[in-house]
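First up is the structure itself, then whatever we jot down about it.
Just so you know, all these numbers are worked out from the coordinates, no wet-lab data involved. This structure is a prediction, so every number in the text was calculated from the model and none was measured. Positions of Cβ are generated from backbone atoms using ideal geometry, with glycine treated the same way; all protein chains shown enter the neighbour counts.
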Amino acid sequence: MLALPIGSQLFVAAIRPRGSDALALPKGHPEPGESDVDAATREVREETGLVGRLVSELGQIEYWFYSRWERVRVRKTVAFFLLAYARGSWRDHDAEVERVVLVPIHDLASSLTYRGERQIAERALASLAGAPIG
């Protein structure tokens, strides 16, 4: 997840995936030879148009979802990292994303659709207590 300061407030770039009402964090899978942090940085760039630098690891979540493409249930493990905004525009996201939503970090956990991602948001907020980002 990518955090960026705007004025005196810290915002996180969340996404509304195309064809979904969900508000989620950017995520995806590593490409061959890519580390988890490199994959997270790439996915954030692709899905939000924003480039960030690594601040900290936030942990992993595991969940099941139904793949309409494969017509099976799939177990997914996602590693999350906190990134600080470096450059880019949220208007430059890829076609998988309907839009990027900048959410105040204090509202993020209550705004996200998925329970596991809400837990990650709470970890990010706790890790930033007393440690400004920028």
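Data table
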read-out	value
Structure-based [θ]222 nm, the chain - -39500 (n - 2.57) summed over DSSP H runs of at least 4, per residue, nearest 500	-7500 deg cm²/dmol
Calculated from backbone phi, Karplus (6.51, -1.76, 1.60) coupling profile of the stretch 87-98 in Hz, x at Gly/Pro	5, x, 10, 5, 7, 9, 6, 7, 6, 5, 10, 5
Per-pair calculated FRET efficiency, R0 = 25 Å: GLU98 and ILE6 via Cβ, rounded to 0.05	0.70
Relative contact order computed over the chain (Cα-Cα under 8 Å; 6+ residues apart), in percent	31
Helix 115-128 axis, angle to the chain major axis (alpha carbon atoms, nearest 10°)	20
Length gained when the stretch GLU46-SER110 is fully extended (0.36 nm per residue, less Cα-Cα span)	20.6 nm
Fewest-first ranking of TYR85, TYR63, using other Cβ atoms within 10 Å as the exposure measure	TYR63, TYR85
